[in-house]
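What follows is one structure encoded as structure tokens, with my remarks underneath.
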Amino acid sequence: MKLEVLEKDFVYHIYNRGINGTNIFNNEENKIYFLSLIDKYLSNIGFIYAYCLMDNHFHLLFASNVEGEIATQKISNLFNAYAKAFNKMYNRTGSLFEKHFRRIRVPNELYLSSLIIYIHMNPKHHFGLDFTSFKFSSYNGHISDRPTKLMRREVLELFGGRDNFVFAHHERNSILEAMITLE
């Protein structure tokens, strides 16, 4: 099966999970290291719109500014470097991730904004955690004034500003809570 190459100037939802659903992050240090590898391998070839690192999977919204083969290889190198370090740290062998990393090209801005909210809501959806205080998501990076390598300005503009960004997330949270109550 030939995998889709990441095309230059398109946003992609990149995600994967641990083989057989096992954890790919056992602690905060693992997540911090993974984020450092994202910076090392991707910061000079593209842009991060959003991310969320859960214990057994991750989501990343990324746009490449280099030709597709280069971006695809850099992302593969990132995951290989992490898997090797994880295996060494935990004295394990074999695959860490399920198959090749998955990627879906984002077709339009409406899908992009919905996907950003979906990614940020992962802690709530999977574990009932407060997404606004979840440490390993880009949500707070977007609403903060601290320096960031995220595409903060572009993301906030997509939502019509910081207040609307926050409102859209809380509106989706209210809908999810209402659905859970009905179950």
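The values are calculated or read from the model by the stated rules, or taken from the named source; none is laboratory data. Here the structure is a predicted model, which is why all the values come from computation and not from measurement. Ideal geometry is used to build each Cβ from the backbone, glycine not excepted, and the neighbour counts take in all protein chains shown. We work out accessible area using only protein heavy atoms, side chains counted, and drop any ligands, DNA or RNA first. Shrake-Rupley method; radii C 1.70, N 1.55, O 1.52, S 1.80 Å.
Could you check how many residues of region 76-101 are open to solvent by 80 Å² or more (accessible area, probe 1.4 Å) and not hydroxyl-bearing (Ser, Thr, Tyr)?
Number of matching residues: 7.
Give the number of residues within region 131-158 that are part of a helix (DSSP H, G or I) and in contact with a Ser or Thr (Cβ under 6 Å, 6 or more places away or on another chain).
Initially, region 131-158 is screened for residues part of a helix (DSSP H, G or I), giving 131-133, 139-143, 152-158.
The next check asks that each one be in contact with a Ser or Thr (Cβ under 6 Å, 6 or more places away or on another chain); those that pass are 141, 158.
Here the count works out to 2.
Specify which of the listed residues (Tyr41, Tyr82, Tyr90, Tyr49) is out of contact with any helix residue (DSSP H, G or I) (no Cβ under 8 Å at 6 or more places or on another chain) and modelled with pLDDT of 95 or more.
Tyr90
Name every residue in region 142-170 that is under 26 Å from Ile45 (Cα atoms), of a type outside the set (A, V, I, L, M, F, W, C) and open to solvent by less than 20 Å² (accessible area, probe 1.4 Å), in order of residue number. Before you say what the answer is, go through the steps one by one.
As a first pass, look at region 142-170 and keep what is under 26 Å from Ile45 (Cα atoms): 142-159.
Remaining after also requiring of a type outside the set (A, V, I, L, M, F, W, C): 142, 144-149, 152-154, 157.
Listed by number, the list holds a single entry, His142.
This table checks each residue for (1) among the small types (Gly, Ala, Ser); (2) more than 15 Å from the chain's Cα centre (by Cα); (3) in a helix (DSSP H, G or I); (4) within 24 Å of His169 (Cβ to Cβ).
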{"residue": "Asn80", "(1), (2), (3), (4)": "no, yes, yes, no"}
{"residue": "Ala85", "(1), (2), (3), (4)": "yes, yes, yes, no"}
{"residue": "Pro107", "(1), (2), (3), (4)": "no, yes, no, yes"}
{"residue": "Leu110", "(1), (2), (3), (4)": "no, yes, yes, yes"}
{"residue": "Leu129", "(1), (2), (3), (4)": "no, yes, no, yes"}
